[in-house]
Amino acid sequence: MTQILFITVGGSHQPIITSIQSLKPDRTIFICSGGSQGSISQVTGPNKPCQVRRGADVIETLANIPTQLNLGSQHNPETDVIVVDNPDDLSGFYGRISTKIQEIRQEFPSARLMADYTGGTKSMSIALAMAALDHQLELCLTTASRTDLIRVTRGESVRRTPVTDVAMQRLLSQVLPRLFAQYNYPAAIAELESFLRDNMLQNPEKLEFYLNLCRGLNYWDCFDHGEAWLYLEPYLNQPNLRSLLLFLKQVMGSRRAMDEQFLAPDSMQGHGYELVEDLVLNAERRAKMERYDDAVGRLYRALELLAQVHLWRRYEIKTGEVDLSKLPEALRAQYAELKKPDGKIQLALHSSYELLKQWPDDPLGAIYQESASRLLDQLQVRNYSILAHGLRSVTAQDYQERFQGGVVPFIQSGLKAVKIGKSRFIPVQFPTQIDF
């Protein structure tokens, strides 16, 4: 396996020599400060730029580091040196180091990457350590018994710096909260799986807790409610998740009532419209991620599903295959003309709501009759979307003004009008934060 070492170079060459001799990398990336007083001279300087000092006295001068180590063809000064003029430019060093790591990972995807942050200024060392943590390099430190706090002077040895606890804390306190706030479960799953795979942990239970939670929420986010429940059921005893998971049980009950082929591992009966509420919450999550075409598609389906559920629950009419005998007698001949070659009568969104208007006392039909013109106008944005029938994308303004400001209130009013009785559990949005 190719081994590549990133190492910061400061005023003393000896720790650098010790580190490279000990770790024996196939390639070394030297991180130096530039300018006439910079550490770059110890790597590329002619003659004898390295100095051995005793106090203020120079007692010996030596060739540059690659020459002392006889690196020869193993060292290319054009590609293996990172130089930033200002030795205290933390951002500059971090950016250049991170870019170089990414380049090397592309060129040598299976290489073992190490980082020794012993030499250089504090800013150089911090930059390398940060980049190493962010890009998962092995951290090393060349050290010895110290006689002061200024530098390692003799008897150096290289040791690995344990960073697993630090990296895990960064993952739990910085990375996962950001991804949860974005509902970005695939990214959270990737981070957790990578960390568990690449690190030996004595107690991995906490990370596995979050991994299975993310997997369950991701399945739910993709409408695989049954698989989601299998992952999430163990979290019922978590007070901050219990209401959410009881709502999932009702969503499965609502879905099972509309789809006989749906195999619900568990369910709970509610008012029957939970699947519509689930779609609205899913659309909210897509909008949070600024995926407005996806959000609009889900709201359109929620609007359609609201009519479908209501027609089935109240009149035993399935919009995918209308039974003429369930219609008012005065409408049967009219709807018989809609039969397709296979003999089925199918109703889309607009036709479903138009049918509901035919019952004078139907609450959803009455709300639609009052709002039909405005609602259909608002839906034009969806019709022109590239995910529907057009070639344009839905903008944030489209979503806010037409859907969040028009379609969502219609769905909410419709739900309020048709829900019989009150559910013990209100629809619950996915958590944006967990006690990490």
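The values are calculated or read from the model by the stated rules, or taken from the named source; none is laboratory data. Nothing here was measured: the structure is a model prediction, and the numbers come from that model. With ideal geometry, Cβ positions are generated from the backbone for all residues, glycine too; neighbour counts draw on all protein chains shown. The accessibility values were calculated without ligands, DNA or RNA, using every heavy atom of the protein model including side chains. Shrake-Rupley method; radii C 1.70, N 1.55, O 1.52, S 1.80 Å.
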Criterion: basic (Lys, Arg) and in contact with an Asp or Glu (Cβ under 9 Å, 6 or more places away or on another chain) - qualifying residue of Arg54, Arg96, Arg27: Arg27
Check on Ala372, modelled with pLDDT under 85 and open to solvent by less than 40 Å² (accessible area, probe 1.4 Å): no
Residue tally, condition outside any helix (DSSP H, G or I), of a type in the set (A, V, I, L, M, F, W, C) and open to solvent by 70 Å² or more (accessible area, probe 1.4 Å), over the stretch 319-349: 1
Residue satisfying condition, being on the phi < 0 side of the Ramachandran plot, free of Cβ contacts under 8 Å to residues at least 12 places away in the same chain and in a helix (DSSP H, G or I), within set Ser373, Ser352, Ser413: Ser373
Filter result for the condition that a residue is of a type in the set (D, E, K, R), part of a helix (DSSP H, G or I), touching a residue at least 24 places away in the same chain (Cβ under 8 Å) and open to solvent by 10 Å² or more (accessible area, probe 1.4 Å), over Arg242, Arg255: Arg255
Hits in the stretch 296-318 - residues which are open to solvent by 80 Å² or more (accessible area, probe 1.4 Å) and assigned to a loop (DSSP other than H, G, I, E, B): Glu316, Lys318
Scan of the stretch 59-76 for residues that are within 20 Å of Ala115 (Cβ to Cβ) and without any contact (Cβ under 8 Å) to a residue 40 or more places away in the chain, ordered by number: Pro66, Asn76
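A quick yes/no check of all residues on (1) open to solvent by less than 80 Å² (accessible area, probe 1.4 Å); (2) free of Cβ contacts under 8 Å to residues at least 12 places away in the same chain; (3) not in a helix (DSSP H, G or I):
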position	(1), (2), (3)
Ala167	yes, no, no
Val175	yes, no, no
Arg178	no, yes, no
Glu193	yes, no, no
Lys206	no, no, no
Tyr210	yes, no, no
Leu217	yes, no, no
Gly226	yes, no, no
Residue within the stretch 226-235 that is of a type in the set (Phe, Trp, Tyr) and more than 19 Å from the chain's Cα centre (by Cα) present: yes
